[in-house]
């Protein structure tokens, strides 16, 4: 189902020997069914492991961005959320998304089970794996924003709900062939479905949580950087490079097929546009911070790469190289000013996840019609609003309920002591004896 | 030969499209011989580079787990052992394993040479590469346990013997079609052959070496964590994510063929089960440490992932998703209690390699018959005992001889000063000027 | 064009199975054109993302090697140069290289545009992507040598010139079918074209820049290590492992085709030789430093891996395993003594890039005729001299002009304060509160 939906933007392919004919959205090819099956499955597996590795990228980016007293907890959150997402997406998520009736709103609460057939064109397990790592990515996005003051196990509970229920529902709306697909919404690899979803869930979380103690002064300005300095810029840098690498899988694999001339060409184009958008994001953030603030802010360059990548994700196939660079550059600029915007509302997003994923994701989705004639601005707006609002509201309710039931925020003393000590009992950097 | 042996556990998923019946162990397919050859070779190359990258994963995990005075040496050991393994496995290892007579005990002492033919179904070089990185993994496993008090060059000598002789011998017993294969032992990707082998060699080593000075107090209890604190939890976390990533290659590539519907489906299943087992290991360790010790121990979560991965490695294809989660969860619990067990014997395994690799490997191998009807408990027990005992005894003898010839342990002064200073002359973290 | 050129060194491994004769440089195969197209494109994409990840490897290696006051800037340089290279290679680089007339000297100043056809044998976009990451690698090489005293934006400007003009010109001479290809120069994956080019550009840069303040004492001896100690050896180690991993893509992908028996066999051989050369480099550096200097220098082992990899890159297909080990070992030794050589000239190459890339690259290119009978020493010498001299001279002029226009060197005060503070305003390691 996802195949057909996504294929709308990829006009030509087929799995069978037929020289011309094919059903809508399948490219013509004379590659045999079984060879095509292996190619398509291989695409999902390779792109799947690249996206899986993004979990490590988020762990590094966030470990580097938090203060050195909250690093072990970030590591625990990231390895834990990936584990939780994997199980939840098997237990309920996949069928909640793909068991949806055509044009519908929600699938079924049943575990996924394998049922591969040659006719499907790819192995069912490889598709599950590829979709699972997308689900985990969504959860990874929201782990960093709430760092340094959230309790560990409430976060894990939220991760289970986000990966098992919230994300699968919006995923089904579009990639499962639900109501958003029916109205013509277009989101190739998930600028909105994945990235805004993660960002909106995080936004709800940080509103309920409140900022770290001492993050803003009495006038609402962020405190000078020192007490909240990033623990390790090289870690952030590895993290961003790993995410950039993983994004080739994220966007490239969303072509959903490799086994034809047309698919191979399309994936190559996607790689190029994905890369160029990130380039644009990096350089835009570098120039903007240098001109506006006097110094070339490496953190904004790194987050600018993410902003560019998120922005191109809604449509990495149709743009020209120049368009990809520009879309990415705007994504990078959005990150810089989005960070300021959150500050002005005294919202404390520790790693800048909301500007990079939610804001840039909204932008990227809205501009799809500029490069892809099949998309309409109206449908894009409906998709962006419905998903962001739905996720934000549900997440807000879930966080609120958890907060009232058992509290989601650590004490001021715990923050002062460091969440590593209070939550995991393991200090992160015993660099000096 | 390995192909035929391992294929026993990959039965008839494929009963479609069988125009050409093929010999035992080759999945039925109508993909042409040359296309299949390229697919199979590509599988070995991709999975091979993933497993190669596990060398980096071990280097990071171990660098992060040791104290900050012994990090450069760990880096030297890990890059060095990978280099040594690569050369030894060419010089003697491969043919010692695969030159074995059917049902036999040992192959030939000759260097590997290339001899690819289309009929083999994959390029000989790609197979060598894939098997070599398994060999290197075995050696990587034992590098961390003995950290902080072993001399560098004796370790390198042992690495040469383990990669050139010990591992290839046990590998030949099973994957070369030797006596263990004949009796029906089943170990898909090496829970015992690789992981227990590495762990048993490490166990012999730490017994001979003794614990770090000051690791246990006079009553035999481990000292409070501070003086032996892990140098960097983010490094451990990257390491574990890299290992998790590499494991898709480790287990997926052990299907040994990609070029058919059946193989593509099988590899997808292996990816899923490998992932779910690691998820189970992480969460089991999180829950157990939280309930028993009050805090969610991030180190045990990370090692729990390894325990889960090792446990599923003996049979990543047959289990259902639920079974994979449970097998992995038990692997994670084994890591937690295995660590305690070693403490109780005053054995100082710096990075927890023995619980994660040897203990979880034994468990994973013994439970194969539960999910794979072709395996028998008797054969599994024989395989586990013979390999673990053989490796332990030979490694014990080798370590003992080296110890009496030139001593393998650094002085108390060297440990106090830090092995980085005494062995490599390079301090690991010059974070502060 | 590159395909045909490079194929010269991949001769007739394949004279089997030749039902369909094919044009010069395309291996005989009976794989259909479209299946071959997908395989070849897939090779470029996989190897391309591996080489892309080398950008992260350089970032880590260099972050770990510089002092802790200049780490954020190194991160900014590495993410920035990769972004710049991607855009410049699209804007002008690719066609400057491949738009060259046969036997000519320079291509055209036009942006790249996609034009895929089945007949080409691979998607044009995948080829662009693969060539782009090579271009970025060239720039990465020269970012570390000049660390800790160069201004950020002049470096970015140079990166644009190197990636957009200098590298593409020499690339066109050989891989575009220009004059060096015509005279029979042989450089399979770029020991000279990529690695010496990066190294020669760096050499020009450090001559103009001068050493870091205080690097050499009044007698010209390097100061004791402490004030210039590497910030993190584990980071260097990750970096080297990532580069080693990426090199499988770098050399393996330079076979330029996967879709035949012969190509699959060749790539397997390339993987093996690439790996063994690195092994040789590591061990040679370990032995040499242990014997000459008393301690096993882990930094030289790590750089030795790079030296070995660079040395084999000119011809990773023809050598036997033993020859590959020896070539790599000499590469490792060159790194050790090349580092001393630079010291003796008071040249301050912060990360050892020039010995590892330029010197080992020259060696590797010159010894190609020993293992590849198609190459001649005369042509190799002409290629090495022409490229190294051209790049050095042009880079020297560019650096000089920039230096006289606006100065490329930071002040003594900035170095003392740390370039992280002055250039990006972000300290790299806020490990301690």
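We did not get these values from a lab; they are worked out from the coordinates using the rules stated. Since the structure is predicted, the reported quantities are computational estimates derived from the model, not experimental observations. All Cβ positions, glycine included, derive from the backbone under ideal geometry; neighbour counts span all protein chains shown.
Quick one: if you stick a label point 7 Å off each Cα along the C-beta vector at residue B:403 and residue B:33, how many nm between them?
According to this spin-label approximation, the distance is 5.5 nm.
Obtain the nm distance between the two label points defined at residue B:389 and residue C:219 by a simple spin-label model: each point lies 7 Å from its Cα along the Cα-to-C-beta direction.
The two pseudo-label positions are separated by 6.4 nm.
For segment B:207-320, report the % of Cα-Cα distances exceeding 25 Å. Mind dumping the intermediate values first?
Numbers: 2596 of 6441 pairs.
Counting pairs separated by more than 25 Å, the tail of P(r) holds 40 percent.
Any chance you could give the angle, 0 to 90 degrees and rounded to 10, that helix C:152-161 forms with the longest Cα principal axis of chain C?
The helix C:152-161 is inclined about 20 degrees to chain C.
Using a ≥ b ≥ c from the Cα gyration tensor of segment A:57-157 (square roots of the eigenvalues), is it rounded, prolate or oblate, where a/c under 1.5 gives rounded and otherwise the larger of a/b and b/c decides, a/b for prolate?
Working: a/c = 3.05, a/b = 2.24, b/c = 1.36.
Here segment A:57-157 falls in the prolate category.
Rounded to the nearest 10 degrees, what's the angle between the helix A:377-406 long axis and the longest principal axis of chain A, both from Cα atoms, 0 to 90?
It is inclined by approximately 40 degrees.
Quote to one decimal, in nm, the extra length available between residue B:117 and residue B:374 on full extension: 0.36 nm per residue of separation minus the C-alpha distance between them.
Numbers: separation 257, 0.36 × 257 = 92.52 nm, distance 3.10 nm.
Full-extension gain reported as 89.4 nm.
Could you give the length gained on full extension between residue B:291 and residue B:337, defined as 0.36 nm per residue of separation minus the Cα-Cα distance, in nm? Please list the in-between numbers first.
Numbers: separation 46, 0.36 × 46 = 16.56 nm, distance 1.34 nm.
The residue B:291-residue B:337 span can extend by a further 15.2 nm.
Using a 10 Å cut-off on Cβ to Cβ distances, tally the other chain neighbours for every residue of B:106-117 and report the average as a whole number.
2
Angle between the Cα long axis of helix C:261-293 and the longest principal axis of chain C, 0 to 90 degrees, nearest 10?
30 degrees
So how do A:98, B:105 line up by other beta-carbon neighbours within 10 Å, fewest first?
Details: A:98 22, B:105 12.
If I rank by nearby Cβ atoms, fewest first, I get B:105, A:98.
If I take the Cα coordinates of the protein assembly as shown and project them onto the principal axes, what are the three extents in Å, biggest first?
The principal-axis extents, from largest down, are 74, 72, 72 Å.
Inter-copy label distances at residue A:340, 7 Å along the Cα→beta-carbon direction, one decimal in nm, shortest first?
5.6, 5.6
Fewest first, what order do A:411, B:85 take by the number of other Cβ atoms within 10 Å?
Numbers: A:411 13, B:85 28.
Listing A:411, B:85 from fewest to most nearby Cβ atoms yields A:411, B:85.
Helix-only estimate, please: 222 nm mean residue ellipticity of chain C, summing -39500 (n - 2.57) across DSSP H runs of length 4 or more and dividing by its residues, to the nearest 500.
On the way: 17 runs with 259 residues, N = 433.
So the helix-based figure for chain C works out to -19500 deg cm²/dmol.
Determine, from the Cβ-Cβ distance of residue C:413 and residue A:320 and an R0 of 35 Å, the FRET efficiency 1/(1 + (r/R0)^6), rounded to the nearest 0.05. Don't jump to the answer; show the numbers that get you there.
Numbers: r = 46 Å, r/R0 = 1.31.
So the FRET efficiency works out to roughly 0.15.
Place the label 7 angstrom along Cα→C-beta at residue A:393 and in each other copy, then list the distances from the first to the rest in nm, shortest first.
So the label point of residue A:393 gives 7.1, 7.2 nm to the other copies.
Assuming 0.890 mPa s and 25 °C, estimate D for segment A:264-418 with Stokes-Einstein, Rh taken as the Kirkwood radius over Cα pairs, in µm²/s. It would help to have the intermediate numbers written out before the result.
Numbers: Rh = 16.8 Å.
Using the Kirkwood radius from Cα pairs, D works out to 146 µm²/s.
Measuring nothing but label to label, 7 Å from Cα along Cα→Cβ, what are residue C:376's distances to the other copies in nm, shortest first?
Inter-copy label distances (nm, one decimal, shortest first): 6.9, 6.9.
Principal axis extents for segment A:347-409, Cα atoms only, whole Å, descending order, please.
The principal-axis extents, from largest down, are 50, 23, 13 Å.
Would you please state the base-10 log of I(q)/I(0) at q = 0.13, 0.27, 0.28 1/Å for segment A:200-263, with intensities from the Debye formula using one equal scatterer on every alpha carbon?
-0.68, -1.06, -1.07
Counting C-alpha atoms alone, how compact is chain A: give Rg to one decimal and Dmax as a whole number, in angstrom.
So, for chain A, Rg and Dmax equal 21.0, 71 Å respectively.
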